[in-house]
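Enquirer: Let me give you the structure first, and then I'll get to my questions.
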Amino acid sequence: MAAHWLTPDERRAWLALYALTSLLPANLDAHLFREARITLFDYHVLAMLSEAEGTSLPMSELAARSTASLSRLSHVVKKLEGRGWVTRLPSALDGRVTTASLTPAGFEMLAELAVSHVAQVRCTVFDALDDEDVADLERVGRKILRGMHSAHWILADGDAATEAALAGPIDD
């Protein structure tokens, strides 16, 4: 099989994306660690719980929403439990299912930290973009994500018109 090299434009886009995906998590991790001694992944787990109905999710759903294995998630939730921010209990609907819940102390800490975190995200990412750039970032991000993981929960979070445009024409 012959190599199908990147064009110069594709190479520049790839290197920019690679640098971004390498530097952005490290930047946000460092900020969150300075502010609350937590990682970006810890924050994301807490945020996913805060956005869930009743601030609780089955561990399997929380793993999907945080793009983590159950073993990694279990380790992190155990750490967050130790800080009093999360509890784990058997599901009231199915005792075989473990549910993670954000505690009132976890919600309070997250609400305070969110102000600083969002300011860091805004300063690091969005202050350099105009509205068209933000729309392009979402469109391109969703398109790449759809190719990697078409059932990802983020894709269900978009509006129908955006999703239809990303999916392309439907063949009859």
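Enquirer: Could you go through the range 6-14 and let me know if any residue there is on the phi < 0 side of the Ramachandran plot and surrounded by 13 or more Cβ atoms within 10 Å (Cβ to Cβ). Spell out how you get there, then give the answer.
Expert: First, the residues of the range 6-14 that are on the phi < 0 side of the Ramachandran plot: 6-14.
This time we only want the ones that are surrounded by 13 or more Cβ atoms within 10 Å (Cβ to Cβ), so: 13.
Looking through the range 6-14, at least one residue is on the phi < 0 side of the Ramachandran plot and surrounded by 13 or more Cβ atoms within 10 Å (Cβ to Cβ).
Enquirer: Turning to a different aspect of this structure: Within the group Leu46, Leu70, which residue is touching a helix residue (DSSP H, G or I) at 6+ places or on another chain (Cβ under 8 Å) and either farther than 26 Å from Phe126 by Cα or open to solvent by 90 Å² or more (accessible area, probe 1.4 Å) (or both)?
Expert: On the way: Leu46 fails: either farther than 26 Å from Phe126 by Cα or open to solvent by 90 Å² or more (accessible area, probe 1.4 Å) (or both).
Matching residue, one of Leu46, Leu70: Leu70.
Enquirer: With (1) at pLDDT below 95; (2) under 25 Å from His149 (Cα atoms); (3) not in a helix (DSSP H, G or I) as the list, and Thr99 as the residue in question, which single condition is left unmet?
Expert: (1)
Enquirer: Here's a follow-up. Out of all the residues in the range 99-142, which are open to solvent by 60 Å² or more (accessible area, probe 1.4 Å) and under 22 Å from Val45 (Cβ atoms)?
Expert: Pro104, Phe107, Glu108, Glu112, Val115, Val118, Arg122
Enquirer: Cβ-Cβ distance below 8 Å, separation of 6 or more or different chains: which pairs start in the range 82-93 with a residue that is more than 18 Å from Val45 (Cα to Cα) and end on one that is open to solvent by 30 Å² or more (accessible area, probe 1.4 Å)?
Expert: Cβ pairs passing all conditions: Pro90/Arg96; Pro90/Val97; Pro90/Thr98; Ser91/Pro58; Ser91/Val97; Ser91/Thr98.
The values are calculated or read from the model by the stated rules, or taken from the named source; none is laboratory data. Remember, predicted model here, so these are calculated numbers, not experimental data. Note that we place each Cβ from the backbone using ideal geometry, even for glycine, and neighbour counts take in every protein chain shown. With ligands, DNA and RNA removed, areas are computed over all heavy atoms of the protein, side chains included. Shrake-Rupley method; radii C 1.70, N 1.55, O 1.52, S 1.80 Å.
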